[in-house]
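For reference, the structure is listed below as structure tokens.
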């Protein structure tokens, strides 16, 4: 559909419900990055973030008839994602009795403090803003490490640095991001 970017979420939902299932792709395009940002606040890896995001979109598609078009599609989608993640964390927490279980308990506690994901959404927005402020080389290094899963050795080869220098560099970039996010959050509080 050539005018899909001009349609509102409610119109796209109505089109999908009436059989134009390909229009759901526009909803995915619109909200995938934002949903990934929120999920990254809770998940331990990029793979876990992506898996949970994909599961949320599949669930949303399967439950689209239940969506109230007078409400926010993104808020509904985010609730689906967080509820599914919360359920998964609880399921794993029952079985886990070691360090990994403790991390899941911390994740569950975070979800209980922020059940709708509003805090995570604000923090994700602040992080996105701060990432945009980084120089391209630093952004590329972070992408290599956290999106592509590259090792320190691989990053060192790519950026012509020693492994130790890469570790320190990434630590400094993360510290810069932490300070930027904290500053952004304080400004919006």
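The values are calculated or read from the model by the stated rules, or taken from the named source; none is laboratory data. Predicted model only: the values in this text are computed from it and were never measured. Positions of Cβ are generated from backbone atoms using ideal geometry, with glycine treated the same way; all protein chains shown enter the neighbour counts.
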Open item on the list: Any residue at all in the stretch 42-56 that's under 15 Å from residue 120 (Cα atoms), in contact (Cβ under 8 Å) with a residue 40 or more places away in the chain and part of a helix (DSSP H, G or I)?
Closed with: yes
Task: residue 82 being in contact with a helix residue (DSSP H, G or I) (Cβ under 6 Å, 6 or more places away or on another chain), within 26 Å of residue 127 (Cα to Cα) and assigned to a helix (DSSP H, G or I) - done: no
Task: From the options 161, 172, 179, 153, residue that is over 15 Å from residue 130 (Cα atoms), part of a helix (DSSP H, G or I) and modelled with pLDDT of 90 or more - done: 153
Open item on the list: Which pairs turn up if I take residues in the stretch 170-182 that are more than 22 Å from residue 149 (Cβ to Cβ) and look for partners that are buried (at least 18 other Cβ atoms within 10 Å of the Cβ) and at pLDDT below 90 with beta carbon separation below 6 Å, at least 6 apart in sequence or on another chain?
Closed with: 180/130; 181/126; 181/127; 181/130
Open item on the list: Here is a check on your reading of the model: is residue 25 more than 21 Å from residue 127 (Cα to Cα), out of contact with any strand residue (DSSP E or B) (no Cβ under 8 Å at 6 or more places or on another chain), modelled with pLDDT of 85 or more and assigned to a loop (DSSP other than H, G, I, E, B)?
Closed with: no
